[in-house]
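Before any comments, here is the structure.
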Amino acid sequence: MNNGGMNNGGMNGGMNGGSPSGVLGGMNWAVVAGIFVLGIVLGVVVAYNSNFSGDQSVATEAQIDSLAPNPELCAQYGASAIVTDTRVFVTLNPRRVFVSQPQSSPGCVMRTSNWSVLEQKDVLNSEEMRSCRNRMNTFGFTGDLNTPKAAKVDCIYQNDGGGRF
């Protein structure tokens, strides 16, 4: 019977497969995403204020560029970046979200036309490049590329939502 697109979760709360969006509905995901973004923003603000002494409370572009791993390579083939690592824990019963303390470090985002540099440095292989390219992404890294075990390379995507802050 047609119910006009209404959820058949009914009296059982939709927990037994009644909800087409799964256990966490759209509103809950919005809350999780909001808390995640807030955690990242707060982490970047704290990192700016704690890593630079004196009268400066905001890092300049030149400071960020100089702190990037392999700064010359990064300037030539990509852009320096502030990398923020955080973890998000979601409990289902009770439904809650917990966010770890963000950790900030200098990094670099490579332009897609320069991925071969990462392959030459032996921190990336052709399969990883193909997989990332298929998802229309690019690569970012932290650590020294001249020491492959120290470098951490990730396939990343651009999120244009940050311009709204």
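Any read-out appearing in this document is the output of simple, stated calculations on the displayed coordinates, not a laboratory observation. Here the structure is a predicted model, which means the values were calculated and not measured. Neighbour counts are summed over all protein chains in view; Cβ atoms, including those assigned to glycine, are modelled from backbone coordinates with ideal geometry.
Once the Cβ-Cβ distance of SER126 and LYS149 is raised to the sixth power relative to R0 = 25 Å, the FRET efficiency obtained is 0.80. Proximity of backbone amide H atoms, modeled 1.01 Å from N, is registered between ILE156 and THR138, PHE139, GLY140 at under 5 Å, excluding neighbours fewer than 5 places apart on the same chain.
Expressed in nm to one decimal, what extension gain is obtained for the pair ASP85 and VAL44 from 0.36 nm per residue of sequence separation less their Cα-Cα distance?
In short, 13.7 nm is gained.
Residues of the range 75-98 falling in the label zone of LEU67, defined by backbone nitrogen less than 15 Å from a point 7 Å along Cα to beta-carbon, are 80-85. Close amide-amide hydrogen proximity is noted between ASN70 and LEU145, each under 5 Å apart and 5 or more residues distant or on a separate chain (H modeled in the peptide plane; Pro and chain starts excluded).
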